[in-house]
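Working notes, beginning with the structure itself.
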There are 2 protein chains.
Amino acid sequence: MFSFQLTSSDLAPTAARTGVITTARGEIRTPAFMPVGTLATVKSMLPEEVAATGAHILLVNAYHLYLRPGHQLIERLGGVHRFMDWHGPILSDSGGFQVFSLARLGRVDDHGVRFRSHIDGSEHTYTPELAMAVQRALGVDIAMPLDHVLPGDAPLEPARLAAERTIRWYERCREAAGELTTFAIVQGGVHPGLRQWHARELAALDAPGYSIGGLSVGESKEEMWAMTPLVTAELPVGRPRYLMGVGSPEDLVNGVARGVDMFDCVLPTRLGRNGSLFTDDGRATIRNARFREDPNPIDPDCDCENCRRFSMAYLHHLFRNDELLGYRLASIHNIRYLVRLTERMHAAIQAGRFSDFAAEFLSRYRASDETVRHDQKEKWRRRAFETQG
Amino acid sequence: MFSFQLTSSDLAPTAARTGVITTARGEIRTPAFMPVGTLATVKSMLPEEVAATGAHILLVNAYHLYLRPGHQLIERLGGVHRFMDWHGPILSDSGGFQVFSLARLGRVDDHGVRFRSHIDGSEHTYTPELAMAVQRALGVDIAMPLDHVLPGDAPLEPARLAAERTIRWYERCREAAGELTTFAIVQGGVHPGLRQWHARELAALDAPGYSIGGLSVGESKEEMWAMTPLVTAELPVGRPRYLMGVGSPEDLVNGVARGVDMFDCVLPTRLGRNGSLFTDDGRATIRNARFREDPNPIDPDCDCENCRRFSMAYLHHLFRNDELLGYRLASIHNIRYLVRLTERMHAAIQAGRFSDFAAEFLSRYRASDETVRHDQKEKWRRRAFETQG
């Protein structure tokens, strides 16, 4: 059971739209931000705290759960929903991105990809069929196919080969998916023609939804925002579009403006644990001495657990003493901030004033350049082309 | 506003009893375990989670809050209850124990104690008057006086001098306390006559409650349990007795048997963060591979947030991956375990079968020898007698 209903579209010049995804475990209003629970836990938070942020779906990672504790163990224990006690929809990443970035990559060919675990160096072969078996064992609501991911600066020829392979793999994934709703993933690097061709080829396969992969992986923001509308323009209007691994607040606004419906990112929880909190003016660093005695919440407009109850002074105190509660409150705030941002965009789109909203938001928000995957990028870039089979 | 009402006493041979402490912020049923929120946070937990364990009072530490963020800052922000959003009763430790153990101790004389901060080495002079000013600024419900704490193996003569000074300091603390309910602290090391004398002297001063200090500070358990009943026998029946810094499950049972009403300890949260969980059979180490696929809760009789919802397999998975949620769930379980133990003792005392309960509990529970303060002990012992003024 999976369907997507568009509920409104913004007037030109933006491609923003609102919709509702229906799954057996509940509805998801779009635009949607999906908090990341890589290892079947949104770091530091209980499921009801995630739900209280307004998030209706979360993401787990098949690569991580395949390695530890093992998808079969989770299946024997009743599936990932029961394991982590979250009973709303769950989307799983297939592990494609992780296999090609986090693991020690071995041979890649049409059969699949050999890699060594980033945990213990053990050797594994991941295939489209295994990626689907893992996600079926987890019992998720929306699965991703295995895709061939390259760094953002991959030249045209390897990008073309990887995109072609991604189509062949997607067909095998669909075959192996059974009843499991499985999106297609559009690749193609930063090559406009290749991106458009790949999107068209996958559109012809009539997937229930489309992910945009291979962005936010080392290319520039300009390239990312040049590619995204080329892709969404080729995709069927009546299918949800999911921009993988994105975003920051400004990325969500830019993505929605280009017709994206779904986002996920570890940014809110990772930044939260570092004491960096989203506000409409940009990120606030809570350890900064100027917050030492501030009796106000970090964001007076925010209705999260933290902002309703605690002063910046208290949060500053928690971070200054490395108190675990600080990581949790900051994560809650940041996720709520992004979910609330999707709610604000939803209202603006429905009122036909998204363009103004986006312009106002982006002119006020002081963006930070760091992206979450930055630490992985250099390492990955150095070795990525040595290993193409 | 402070009162204590005995509600029942066990039949001999134990001195166990039940009671109710009434404060302006609520009632506390005794025997009571007080979770420790040293820095105005019970590590990893929100106030409502602490309340959900059944705890009716928690403890903060005046020494720590004096150093960071400063008691005056907390006062300007509306007091410690508002700062941390816990609106039930709070008891504060004066910091006597920390000054004499954690800080770099300087000169001690009747005026007070000079020390250097364990955080930044800054120099401070703590006096009975300052200890009370700090606790009044925090706005706690029950305060402790400054006492002169010695290691558990202190010889008679220094122990006698410290005990005498503790009386003089208590009188000054009462003077400085204003309306603030301030217990007296019984010292006297492991010297039976000195302990009895000190308890009698303080009993004559008619304090609203009595703390038993200077135990669980390096002496043996046998010595601790030999001293405790000597003290409680000298104290007025109608005043609550608080055994400071104790306990483990077996310590709670042994303490209640000897007439103790209140306990506090960082053990449940510290052990929780280490993945060590209380059960009636002793501590379970959740990282142990035997829990890897166990679908049951750690304690089938426990009604805590963790045991009602999560399998040992999930908790094992969280700890194996150093997930913050694991620390939190284990802390919740351990605090609930101790609070539930006080509830079980309460029921047994009121039913006149505490003796049997204690015997059964202690014969089943496999105690561990480690105590929380162990890491501080050796360091402290080495230097403690060099610094007596």
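The values are calculated or read from the model by the stated rules, or taken from the named source; none is laboratory data. What you are looking at is a predicted structure, and each value in this text was computed from that prediction instead of being measured. Quick reminder, even Gly has a Cβ in these numbers, built from the backbone with ideal geometry, and neighbours come from all protein chains shown. Just so you know, the surface numbers come from the protein's heavy atoms only, side chains and all, with ligands and any DNA or RNA stripped out. Shrake-Rupley method; radii C 1.70, N 1.55, O 1.52, S 1.80 Å.
Observations, loosely collected:
- The lone criterion from (1) more than 30 Å from A:Arg82 (Cα to Cα); (2) surrounded by fewer than 24 Cβ atoms within 10 Å (Cβ to Cβ) left unmet by A:Arg174 is number (1).
- Restricted to segment B:102-158, and to residues there that are in contact (Cβ under 8 Å) with a residue 40 or more places away in the chain and among the acidic types (Asp, Glu), the residue that is nearest to B:Ser216 (Cα to Cα) is B:Asp153.
- For B:Gly106, the conditions (1) more than 19 Å from B:Lys43 (Cβ to Cβ); (2) in contact with a Lys or Arg (Cβ under 6 Å, 6 or more places away or on another chain); (3) within 10 Å of chain A (Cβ to nearest Cβ) all hold with the exception of (3).
- Extreme residue, farthest from B:Glu49 (Cα to Cα), among residues of segment B:301-342 that are at the interface with chain A (Cβ under 7 Å from one of its Cβ atoms) and among the aliphatic types (A, V, I, L, M): B:Ala313
- Subset of segment A:132-168 [over 30 Å from A:Met84 (Cα atoms), hydrophobic (A, V, I, L, M, F, W, C) and at pLDDT 95 or above]: A:Leu156, A:Ala159, A:Leu161, A:Ala162, A:Ala163, A:Ile167
- Residue that is most open to solvent (accessible area, probe 1.4 Å), among those in segment A:244-264 that are in contact with a strand residue (DSSP E or B) (Cβ under 9 Å, 6 or more places away or on another chain) and of a type in the set (A, V, I, L, M): A:Met244
Residues checked against (1) under 29 Å from A:Arg270 (Cβ atoms); (2) surrounded by 15 or more Cβ atoms within 10 Å (Cβ to Cβ); (3) of a type in the set (Phe, Trp, Tyr):
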{"site": "A:Phe4", "(1), (2), (3)": "no, yes, yes"}
{"site": "A:Ser9", "(1), (2), (3)": "no, yes, no"}
{"site": "A:Pro13", "(1), (2), (3)": "no, no, no"}
{"site": "A:Thr23", "(1), (2), (3)": "yes, yes, no"}
{"site": "A:Gly26", "(1), (2), (3)": "yes, no, no"}
{"site": "A:Gly37", "(1), (2), (3)": "yes, yes, no"}
{"site": "A:Ala40", "(1), (2), (3)": "yes, yes, no"}
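- Residue selected from segment B:279-300 under the condition among the β-branched types (Val, Ile, Thr) and in a loop (DSSP other than H, G, I, E, B), by the criterion farthest from the other protein chains (Cβ to nearest Cβ): B:Ile298
- The combined condition, being open to solvent by 60 Å² or more (accessible area, probe 1.4 Å) and either within 10 Å of another protein chain (Cβ to nearest Cβ) or more than 29 Å from A:Gly218 (Cα to Cα) (or both), is not fulfilled by A:Arg366.
Results for (1) open to solvent by 20 Å² or more (accessible area, probe 1.4 Å); (2) over 28 Å from B:Leu315 (Cα atoms); (3) assigned to a strand (DSSP E or B); (4) in contact with a His (Cβ under 7 Å, 6 or more places away or on another chain), shown as yes or no for each residue.
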{"residue": "A:Trp86", "(1), (2), (3), (4)": "no, no, no, no"}
{"residue": "A:Phe100", "(1), (2), (3), (4)": "no, yes, no, no"}
{"residue": "A:Asp110", "(1), (2), (3), (4)": "yes, yes, no, no"}
{"residue": "A:Asp120", "(1), (2), (3), (4)": "yes, no, no, no"}
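- From the options B:Arg292, B:Arg241, residue that is surrounded by 23 or more Cβ atoms within 10 Å (Cβ to Cβ), without any contact (Cβ under 8 Å) to a residue 40 or more places away in the chain and charged (D, E, K, R): B:Arg241
- Just one of the listed residues (B:Leu324, B:Leu271, B:Leu267, B:Leu318) is without any contact (Cβ under 8 Å) to a residue 60 or more places away in the chain and either of a type outside the set (D, E, K, R) or open to solvent by 30 Å² or more (accessible area, probe 1.4 Å) (or both), and it is B:Leu318.
- Of the listed requirements (1) modelled with pLDDT under 95; (2) within 14 Å of chain A (Cβ to nearest Cβ); (3) at positive phi, B:Ile119 misses just one: (3).
- Residues considered: A:Ala15, A:Ala55. Of these, the only one that is out of contact with any Leu (no Cβ under 6 Å at 6 or more places or on another chain) and farther than 18 Å from A:Gly209 by Cα is A:Ala55.
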